[in-house]
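None of the figures in this text is laboratory data; all of them are computed from the coordinates on show. Because the structure is predicted, anything quoted here is derived from the model rather than measured. Cβ placement follows ideal geometry from the backbone for every residue including glycine, while neighbour counts extend to all protein chains displayed.
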Amino acid sequence: MQPPGRNTLMRSPLAGAQCMPRLMLALLLLLLSIAATGTADEAQHTEYRIKTAFLYNFSRFVVWPEEKLQGRSEFSLCTLGNTLFGEQLDTLTGKTVHSKTLVVKHFDKPEDTLDCQLVFIGQSDELGETLWILKQLPVLTVSDAAAFTEKGGMIQLTVVDNKIRFRINIDAARTAGLTISSKLLSLAISVTGAR
Amino acid sequence: MNIRDLGRVSIRWKLTLLIVTISTVSLLLASIAFITTDRINAQKTAGNNLATMAEIIAANSSAALLFRDARAAQETLGFLKAQQHIQAAAIYSMDNTVFASYRKPGIAIQLPESNIQTENILFWGNYVELFTHINYEGEQIGIVYLRSNMKAIHDRLVWFLVIVAAVLLVSVLITFVLSARLQRIITDPLLRLSAIARQVRTEKNYSLRVSGENEDELGNLITDFNAMLDEIQARDNELMEHRSMLEERVMQRTSELEIANARLATSKEQAEAVARRMEYHAHHDALTGLPNRVLLNDRITAELAHARRQHGMVALLFLDLDRFKIINDSLGHAVGDQLLRVISRRLANCIREEDTVARLGGDEFMVLLPRISGSSDAGRIARKVIDCLLDPVSCNGNELHITTSVGISIYPHDGTDAETLIKHADISMYRAKELGRNKAVYFTAEMNAGSRKQLAMETNLRQAIARNQLRLLYQPKVDISRNTIVGVEALLRWVHPTMGIISPLDFIPVAEDSGLIAPIGEWVLNTAFAQLKQWHKSGFTDLTMAINLCSAQLSRPGFEGVVAKALQAADIEARMAELEITENVAMENLEPAIVTLEKLKRLGVTIAMDDFGTGYSSLGYLRRLPVDVVKIDQSFVREIPDSHEDVLIAQAIIAMAQSLRLSLVVEGVENVRQLNFFRQQGCNIVQGFLFGKPVEADEMLRVLSARSAPGTVNLVK
């Protein structure tokens, strides 16, 4: 299985090798695939380590309505569906966000995430439905799915020039009652929605 | 200019320099303090500004750091372009890599390693570095680095230095101008004082005064100075007055004397001068010019002969400088010789004119004191000689303190010939050394004998008055122009039953020392005046009575009262009394003698100077004594007219007496040749064996009666 970000993040080693003789090519393919697999794994690992930090940092630059956080002892950072974070997100467990203890949770059904403060939505066919469910709830939605903000997601992670950047749909956040720090806004590649 | 040179600078400049220096130093210190404080403050301010800037950067770059947005971080540093003093800035992420950086265009600066965990501000020579943590929600996420130049601070410092220098310069100028004026408050009076003092010194004009109205210490100084000048001027005037008076008198007398001197100047004397000079060298010490042993011996012999004739006393002082050998050995013969010359000069100045000081050789001196009236005289003079040599002598830069040991021998007590006297003086000098130096010692053994003799004489003398052993003899005084006896001189004799007739020269000193002189003197006065009264009653009404006085009488306070009482008791007019003193008697106690003589003269008695020419023949003293009559001593008369020298002396005395308008009496006229000589000189009053020896009162009456009878023999051929 190939993650969608893989091609954009790293060019395939096979791309420029089409004119090589067959045997040589086969041999090279074998060798490089082994090497590429290792390299690709490492790159992916790095990418998600950064994204993990981003998720944590997003939570710090967004203000949730106070009444929604009151009485809670935890700040739930959730993933929905399949993601490539692996175990990395768990490193955030125990950190403090808005005076709450951060907990990482994994869900497969959108309706399970209603109580989360931040949901990272993995690759899903049901993206539209998920967003619809979470709309107007004080849940910060984040995803690296393409055109996520245009579909009503709040923060979309993307890779530009080998660097991870993000887009923000400020309307979606506002509708959900979330306030996004201007500092965060200033770092975004684009901020959509009426101001 | 060093401090020593300052001594020569005038006080005016010193004060100015002082004030300017003090003000400059204080201003400098204040400026240094001010600049230092300002620099510290400026650094603190610069540090604070830099910290604020770093905090802004930290706040603005926190999100960029967290989201690894280097571009955004870079933008947060963008505003530094407007800050001229920022040379470089950087944001480091936690993995110690430069996340974003800024360098002022045109400046190449190596960014430091960011492994600095602590926040810090570092002031280097010409730039400041600041490291500040970037925190987000209590978590350090990076470091801001800022580097600023110190130009602002440096410029400020330079500016301050310029201002301080300008202020210093201006204030020094102002201080200089002010102090140049203010110091006059002190220096002007001082300079006035100094100028006047110098003028007084150079012009000897004591009428100058310093003006000034200060009421401080300077005012007091000026007042005191002026008062001092008042005093000096007053004294000066007084002195000038005295001097001009004296000069006038001396001039008058000098002109009179010149006439007399003209008569003395003979060509024969000039010829003798050369011979005398040659003789001088034979008889004087080459080193000191003092008489040598040869001359001394001559003089001693001469004086002893004289004393023998006159029954007088002569003293020898044997002087030996203490420790002279040490000086000679340690400082050399040149210093020793110089010292001897100085000592010789002092000795010569110290003694009486008739005394002789001779150098015997080495450091031994001998002083011959002829015609002393008692042994105490010798001791007194010896003491004086010792004192004369006490002042330190400067020889080639050495301060030499000289003491002397003196041995005294006296003729006739201690010996009758020069050799014995010198020997005895020498012995007693050694005794003085033994007794601790710087002393005068009489010749001991003989002295004891001397005092025994004196004691015996004193006892006898007491009895002499009671037992009526004192006699008065009378010698006539003749006016040869009228061939009449005009007066008699009373002469005292002591007729001792066993010792025979004793001369007053022998017993008067004893009487003086023992206090017996008062009753003896009164007895003489009363007896003589009573006798005169008798003669007056016998018809010799113009007869005067001359009586000799001794020094103890003269120095006795109220002596004029004794004389007045005696005159009154005998009912004798004062003008009939003539009191005679010898020069030496007068000189012995000059000031009281003058006082007494003047009082006596006010009584109306005549004062005569006896033995004139034998003593301290100073015209100056003679002028001061209220003398009416001068008696030429018989020693000058004896060899007249055979001795040319005596003739000259007699002529000089006669000329002098005429100049000073003094009456003259010639004593000791023994033959007609002498009489004729004095007659030619215009001297009419004479006394001597030619006209009668001293005789008893009865005999005198016979002489008087014979004289006054008509057809008496004219003694003058």
Need the full-extension length gain, B:Ile22 to B:Glu696, defined as separation in residues times 0.36 nm minus the C-alpha distance. One decimal, nm. 232.5 nm
Could you state the orientation-averaged shadow area of the convex hull built on the Cα atoms of the stretch B:303-381, in nm² to one decimal? 5.5
Mind giving me the nanometre distance, one decimal, between the label points for B:Ser330 and A:Arg72, set 7 Å out from Cα along Cα→Cβ? 11.8
FRET efficiency, 1/(1 + (r/R0)^6) with R0 25 Å, evaluated for B:Glu119 and B:Ala152 via beta carbons: 0.65
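Could I get the Rg over Rh figure for the stretch B:88-208? Both from C-alpha atoms, Rh via Kirkwood, rounded to two places.
Values: Rg = 33.7 Å, Rh = 20.7 Å.
That ratio equals 1.63.
According to the Cα gyration tensor, what semi-axes, each the square root of 5 times an eigenvalue, does the equivalent ellipsoid of the stretch A:15-192 have, listed from largest to smallest in whole Å?
Working through the eigenvalues yields semi-axes of 35, 17, 15 Å.
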Go ahead and run the numbers for FRET between B:Arg243 and B:His311, Cβ-Cβ distance against an R0 of 51 Å, rounding to 0.05. 0.70
Placing one equal point scatterer on each C-alpha of the stretch B:508-655 and summing with Debye, one gets log10 I(q)/I(0) at q = 0.11, 0.13, 0.15, 0.20 Å⁻¹ equal to -0.46, -0.63, -0.81, -1.20
Would you mind checking the tilt of helix B:644-659 against the longest principal axis of the Cα atoms of chain B, expressed as 0 to 90 degrees and rounded to 10? 70
Cα-projected label distance for B:Phe160 with B:Asp95, points at 7 Å along beta-carbon direction, nm: 4.7
Provide the gained length on full extension for the span B:Glu215 to B:Ser10, in nm with one decimal, where the gain is 0.36 nm per separating residue minus the Cα-Cα distance. 71.4 nm
Label-zone membership for the stretch B:395-421, site B:Asp506, 7 angstrom Cα→C-beta point, backbone N under 13 Å: B:412-413
Given a cut-off of 22 Å, name the pairs among A:Lys51/B:Lys81; A:Lys51/A:Lys95; A:Lys68/A:Lys163; B:Lys477/B:Lys533 whose C-alpha atoms lie farther apart than that in the structure shown. A:Lys51/B:Lys81; A:Lys68/A:Lys163
Using every alpha carbon pair in the stretch B:343-445, what percent of pairs falls into each 10 Å bin from 0 up to the bin containing the largest distance? 15, 49, 29, 6, 1
Over the stretch B:14-108, relative contact order from alpha-carbon pairs under 8 Å, at least 6 apart, %: 17
Qualifying lysines (Cα of each under 18 Å from Cα of B:Lys601; at least 8 residues distant if same chain): B:Lys565, B:Lys631
Please report Rg (one decimal) and Dmax (integer) in Å for the Cα set of the stretch B:463-567. 14.9, 44
How far, in degrees from 0 to 90, does helix B:418-434 lean away from the longest principal axis of the Cα atoms of chain B, to the nearest 10? 30
Output the direction-averaged projected area (hull surface divided by four) of the convex hull of the alpha-carbon atoms of the stretch B:20-163, in nm². 10.0
Cα centroid distance between the stretch B:533-608 and the stretch B:297-344, in Å? 41
Suppose R0 equals 35 Å. What FRET efficiency, 1/(1 + (r/R0)^6) with r the Cβ-Cβ distance, do B:Ser538 and B:Lys599 give to the nearest 0.05? 0.65
Scattering curve values for the stretch B:344-396, log₁₀ I(q)/I(0), Debye with Cα scatterers, q = 0.29 Å⁻¹: -1.30
Please compute, for the alpha-carbon atoms of the protein assembly as shown, the extent along each of the three principal axes and give them in descending order in Å. 207, 62, 59
Nearest 5 is fine: what % of DSSP beta bridges in the protein assembly as shown come out antiparallel, could you say? 65
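Could you calculate, for chain B, the ratio of the Cα radius of gyration to the Kirkwood radius, expressed as Rg to Rh? Each step should come with its number before you reach the end.
Details: Rg = 52.7 Å, Rh = 35.9 Å.
My calculation of the ratio gives 1.47.
Kindly provide the helix-only [θ] at 222 nm of the protein assembly as shown, computed as the sum of -39,500 (n - 2.57) over DSSP H runs of four or more divided by all residues, to the nearest 500 deg cm²/dmol?
Details: 30 runs with 468 residues, N = 912.
Estimated from H runs of four or more residues: -17000 deg cm²/dmol.
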